[in-house]
Amino acid sequence: EQLAAESHARFRVPGSDFLGMISLWDHLKERQKALGSSAFRRECKAEYLHFVRIREWQDVYTQLRQVVRSLKIGINQQPADEQTIHRSLLAGLVANVGHRDDEQSEKGPTDYVGVRSARFAVGRGSVLSKKPPAWVMAAELVETNRMWARTAATVQPQWIEHAARHLVKSTFGDPWWNVERGASLVIERVQLKALTLVDGRAVNLDRIDPVLARELFILHALVRGEWETHHRFVAYNQERIEEVRAMEDRARRRDLLIDEDAVFDFFDERVPGDITDVRRFDRWWRDEIARHPTLLDLSVEVLLASDDEIDDEAFPTSWGVADPTGNTIEIPVDYSFQPGQVRDGAIFEVPVALLNRTDPTLFEWLVPGLRLELVTAMIRGLPKAVRRNLVPAPDRAVEVLDAIAPSDGPLRVVLAKRLTVMAGVDVQPSMWNDLELPSHLRPWFRVTGEDSLLAEGDDLVDLERRLRAHVRSTVVSESPDLERDGITTWTIGTLPRTISSDVGGLSVEGYPALVDLGDSVGVRVLASTSEQQALHWNGTRRLLRLQLPRPARTVQQRIDARALLGLATAPHGSVTAAVDDAMDAVLDAILLDAGASVRDEDSFAALLSATKDRYVDDLSAAVAVMAGVVQHAARLRERLVAPAPVEWGAALDDVASQLSQLVFDGMAVTIGTSRIPELPRYLEAVDVRIDRLRDGVRADDERMAIIRRVSAEHAALVADLGLTATLDAVRWMIEELRVQQFAQHLGNPEPVSAQRIRRVLDGVRRATMG
């Protein structure tokens with residue numbers, strides 16, 4: 001047997017015992033032609049081949065050829081390839097195929113599971129015994145000590161499926177829509193008795209269920225738009241759908257657009273019954289569009305589920321904003337209905353050209369359709385003591401809106417004034433400072449340039465600040481030679497107050513100003529008049545200083561050295577810094593007296609001349625006062641840190657807070673030379689107050705309570721309106737009130753009391769509220 005195996009090894013073909021037999025057949029045919037009958041018989045014996053069996057094999061072959069000729073079937077002239085041979089043999093050996101059982105094979109010899117769940121192994125004489133393939137077919141299955149497959153070959157499961165298509169069974173999973181293929185697919189599983197030939201193959205659903213395939217095509221492709229196409233009606237329909245959705249956003253409702261079932265019915269009535277995928281649809285539509293080009297167009301009327309109309313006055317699509325020339329420009333208003341999201345409600349598209357000249361309070365009123373809900377929410381956001389006089393809030397809101405309008409002024413101010421009359425109690429705009437309105441009751445802004453979105457947010461002032469550089473660069477591009485640096489004398493001729501540039505059909509204005517660069521000044525084009533005024537003032541002051549001697553040298557000649565030494569403890573950090581602070585304060589006073597903004601060489605020369613005439617005396621006086629104030633403040637701080645009774649704590653804390661507002665880095669330029677001479681009296685009043693604490697803190701607590709009440713009212717108005725000139729004057733009235741309360745004998749330049757201060761504050765409120 002070993003010799004026979006070695007002799008037959010040269011005829012073995014990897015992967016197939018059948019091909020090995022064909023190789024042996026070809027070899028025997030060649031040897032039989034080359035040898036005589038006796039020699040051929042001897043060679044067969046030498047090769048361990050049974051001569052009688054070979055003759056039987058040849059007889060069967062001859063008989064088969066005769067049968068084929070009688071049936072007039074042509075015989076191939078070229079040898080068939082390996083796959084064709086195996087597939088032809090497989091047609092008669094379907095019952096002898098098997099699939100490798102990998103789980104069982106790990107525990108022992110390689111097992112195969114057959115068609116009827118029979119288990120077998122490839123015979124040890126097969127070329128497949130050492131490397132068993134996944135699928136095999138065998139010429140015969142012989143059972144000895146176990147079931148063995150003899151004369152085996154490797155096959156593919158798809159060959160088996162084709163050969164046994166009348167025997168296999170297919171099962172299918174749930175279908176789904178595939179965008180890439182443009183068709184509905186389903187997973188197929190193919191079985192031959194106990195063998196699974198195919199598991200997880202995706203096939204077109206229309207082969208199995210064309211009705212369901214058509215429904216899925218209409219739903220996913222035509223209704224939901226889940227396909228890749230360039231048909232005109234698809235874009236047209238999407239535009240109409242967006243139009244209806246925009247109407248829903250405006251009306252803040254989600255019941256205007258018809259549901260998917262209604263859209264499905266629309267297409268179901270128009271698309272033929274045999275259209276199941278994109279390919280078939282394209283072929284049909286190519287011919288149909290010539291006859292009925294609008295057959296699949298959805299109109300707004302079809303898409304609307306309700307006949308309700310949107311009130312264009314309540315929810316306008318544009319908003320009138322006055323431009324710098326007084327003309328009204330209509331800006332677009334968009335709407336978003338996304339509760340809980342920041343972009344919910346009315347969205348105003350503000351051109352960048354109008355950004356720095358648009359009143360933000362105009363948009364607080366929102367569009368009329370949201371105004372009732374807004375005012376109701378604001379009434380409900382008032383303190384309980386006020387709110388209980390305005391119930392029910394929706395009814396009061398209706399009454400209020402009948403009496404006020406956006407033209408009356410800022411919403412909070414106008415509303416507070418009207419509610420004060422209705423409630424019979426004082427309503428202040430500051431009562432809404434901490435009110436957090438829902439996002440749809442707050443305006444959202446989109447700032448647009450030329451065909452582009454520049455920025456967006458809910459704070460128009462912040463957007464203006466963020467885009468100043470953009471506006472400035474736009475204007476500067478029209479006047480590139482205007483901006484410059486390194487100016488130490490007035491060499492710029494006449495500086496214009498405004499320059500203009502056209503952006504998107506609108507005039508964008510820039511505001512040139514001198515800016516302080518430290519050792520020189522420069523010219524910059526700014527985005528707002530407020531920024532221009534502040535920076536031009538500082539730039540002019542810096543240019544004056546560059547034309548004057550160093551202030552420290554000037555003061556040294558006029559002020560006692562010991563007084564200057566007192567400035568060493570100033571919070572500025574050095575004597576030079578303190579003197580510079582005083583110099584800036586003196587120049588501010590001179591600029592204030594000059595009145596007009598300096599914008600040409602002659603005006604600057606006149607200002608410089610007036611400055612030289614008086615700045616030395618004014619600076620010397622300011623520095624002398626500052627030196628005394630700094631020394632006095634140092635002594636007071638020593639008193640504050642000295643051991644003291646616990647009950648003095650509140651008073652001493654208040655004194656420390658007062659000192660920090662009177663003596664600080666930059667005190668002179670912040671307070672101004674007109675008020676600096678009053679500081680010694682304020683500090684002396686503090687000394688008196690601390691001395692009187694020895695007599696008890698009760699009287700001090702009562703006086704401090706008066707100060708705190710008026711200070712709180714003042715702070716609330718500053719928070720609402722910013723620090724105006726009147727409110728700044730009230731801040732110093734409060735300092736005078738401290739003198740009047742704690743050291744009355746020191747006197748006040750003018751009569752002062754808490755009642756007088758409140759009258760001034762009430763006047764500010766009335767003026768603001770109209």
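The values are calculated or read from the model by the stated rules, or taken from the named source; none is laboratory data. The shown structure was predicted, so the numbers you read here are calculated from the model rather than taken from an experiment. Counting neighbours? That spans all protein chains shown, and the Cβs are built from the backbone with ideal geometry, glycine included. Calculation scope for accessible area: heavy atoms of the full protein, side chains included, ligands and nucleic acids excluded. Shrake-Rupley method; radii C 1.70, N 1.55, O 1.52, S 1.80 Å.
Selection of the range 232-279 for residues being closer than 17 Å to Pro210 by Cα, touching a strand residue (DSSP E or B) at 6+ places or on another chain (Cβ under 9 Å) and either open to solvent by 40 Å² or more (accessible area, probe 1.4 Å) or without any contact (Cβ under 8 Å) to a residue 60 or more places away in the chain (or both) yields only Arg279. Taken over the range 68-97, the criterion of being under 28 Å from Leu167 (Cα atoms) and loosely packed, with under 11 Cβ neighbours inside 10 Å is satisfied by Leu71, Ile73, Asp81. If you take the residues of the range 677-690 that are under 12 Å from Val655 (Cβ atoms) and of a type in the set (D, E, K, R), which of them is surrounded by the most Cβ atoms within 10 Å (Cβ to Cβ)? Ranking the candidates gives Arg689 first.
Is it the case, given these coordinates, that Leu543 is in a strand (DSSP E or B), hydrophobic (A, V, I, L, M, F, W, C), modelled with pLDDT of 90 or more and open to solvent by less than 50 Å² (accessible area, probe 1.4 Å)? Spelling it out, it is not the case that Leu543 is in a strand (DSSP E or B), hydrophobic (A, V, I, L, M, F, W, C), modelled with pLDDT of 90 or more and open to solvent by less than 50 Å² (accessible area, probe 1.4 Å).
In the condition set (1) closer than 23 Å to Arg708 by Cα; (2) of a type outside the set (Val, Ile, Thr); (3) open to solvent by less than 30 Å² (accessible area, probe 1.4 Å); (4) in contact with a helix residue (DSSP H, G or I) (Cβ under 9 Å, 6 or more places away or on another chain), Gly672 is compliant with all but (1).
Residue-level check: of (1) in a loop (DSSP other than H, G, I, E, B); (2) in contact with a strand residue (DSSP E or B) (Cβ under 6 Å, 6 or more places away or on another chain), Glu456 misses just (1). The set of residues in the range 280-299 being among the charged types (D, E, K, R), open to solvent by less than 60 Å² (accessible area, probe 1.4 Å) and either free of Cβ contacts under 8 Å to residues at least 60 places away in the same chain or not in a loop (DSSP other than H, G, I, E, B) (or both) consists of Asp282, Glu288. Of Val179, Val168, Val190, all but one fail to be β-branched (Val, Ile, Thr), farther than 19 Å from Glu140 by Cα and under 47 Å from the mean Cα position of the chain (by Cα); the exception is Val179. Collect the residues in the range 200-231 that are within 22 Å of Asp261 (Cα to Cα), open to solvent by 60 Å² or more (accessible area, probe 1.4 Å) and of a type outside the set (Asp, Glu), keeping them in residue-number order. Within the range 200-231, Pro210, Val211, Arg224 meet the criteria. One residue stands out among those in the range 162-178 that are within 18 Å of Leu195 (Cα to Cα) and polar (S, T, N, Q): the one that is surrounded by the most Cβ atoms within 10 Å (Cβ to Cβ), which is Ser170.
Please find, among Val52, Val60, the residue that is over 24 Å from His86 (Cα atoms), in a helix (DSSP H, G or I) and modelled with pLDDT of 90 or more. Exactly one residue qualifies, and that residue is Val52. For the residues Arg731, Arg694, the requirement of being open to solvent by 30 Å² or more (accessible area, probe 1.4 Å) and under 29 Å from Ala622 (Cα atoms) singles out Arg731. Among all residues of the range 10-29, there is none that is among the aliphatic types (A, V, I, L, M), at pLDDT below 90, surrounded by fewer than 11 Cβ atoms within 10 Å (Cβ to Cβ) and within 25 Å of Gly125 (Cβ to Cβ).
Being at pLDDT 90 or above and within 24 Å of Asp458 (Cβ to Cβ) is a property that holds for Arg371.
Taking Arg497, is it part of a loop (DSSP other than H, G, I, E, B), basic (Lys, Arg), modelled with pLDDT under 90 and within 27 Å of Val350 (Cβ to Cβ)? It is true that Arg497 is part of a loop (DSSP other than H, G, I, E, B), basic (Lys, Arg), modelled with pLDDT under 90 and within 27 Å of Val350 (Cβ to Cβ). Within the range 400-434, the residues that satisfy the criterion of being surrounded by fewer than 19 Cβ atoms within 10 Å (Cβ to Cβ), among the polar types (S, T, N, Q) and either touching a residue at least 60 places away in the same chain (Cβ under 8 Å) or assigned to a loop (DSSP other than H, G, I, E, B) (or both) are Ser430, Asn433. Taking first residues from the range 449-470 that are within 20 Å of Leu526 (Cα to Cα) and partners that are assigned to a helix (DSSP H, G or I) and of a type in the set (Gly, Ala, Ser), the Cβ contacts under 9 Å between residues at least 6 apart in sequence or on separate chains come to Gly449/Ala353.
Within the range 647-663, being open to solvent by 50 Å² or more (accessible area, probe 1.4 Å) and not hydroxyl-bearing (Ser, Thr, Tyr) holds for Glu647, Asp653, Gln661. Would you check if Val302 is surrounded by 12 or more Cβ atoms within 10 Å (Cβ to Cβ), part of a helix (DSSP H, G or I), in contact with a helix residue (DSSP H, G or I) (Cβ under 8 Å, 6 or more places away or on another chain) and not basic (Lys, Arg)? It is true that Val302 is surrounded by 12 or more Cβ atoms within 10 Å (Cβ to Cβ), part of a helix (DSSP H, G or I), in contact with a helix residue (DSSP H, G or I) (Cβ under 8 Å, 6 or more places away or on another chain) and not basic (Lys, Arg).
Can you confirm whether Val136 is among the β-branched types (Val, Ile, Thr), under 60 Å from the mean Cα position of the chain (by Cα), open to solvent by less than 60 Å² (accessible area, probe 1.4 Å) and within 21 Å of Ser23 (Cα to Cα)? The answer is yes for Val136. Number of residues in the range 388-399 that are surrounded by 17 or more Cβ atoms within 10 Å (Cβ to Cβ) and either over 37 Å from the mean Cα position of the chain (by Cα) or within 20 Å of Ile347 (Cα to Cα) (or both): the value is 2.
Each residue in the range 734-768 was checked for being open to solvent by 40 Å² or more (accessible area, probe 1.4 Å) and at pLDDT below 90, and 4 of them qualify.
Conditions tested, residue by residue: (1) crowded, with 16+ Cβ neighbours inside 10 Å; (2) in contact with a Gly (Cβ under 9 Å, 6 or more places away or on another chain); (3) within 29 Å of Leu222 (Cα to Cα).
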site: Ile160; (1), (2), (3): yes, no, no
site: Glu180; (1), (2), (3): no, no, yes
site: Ser184; (1), (2), (3): yes, no, yes
site: Ala194; (1), (2), (3): no, yes, no
site: Val198; (1), (2), (3): yes, no, no
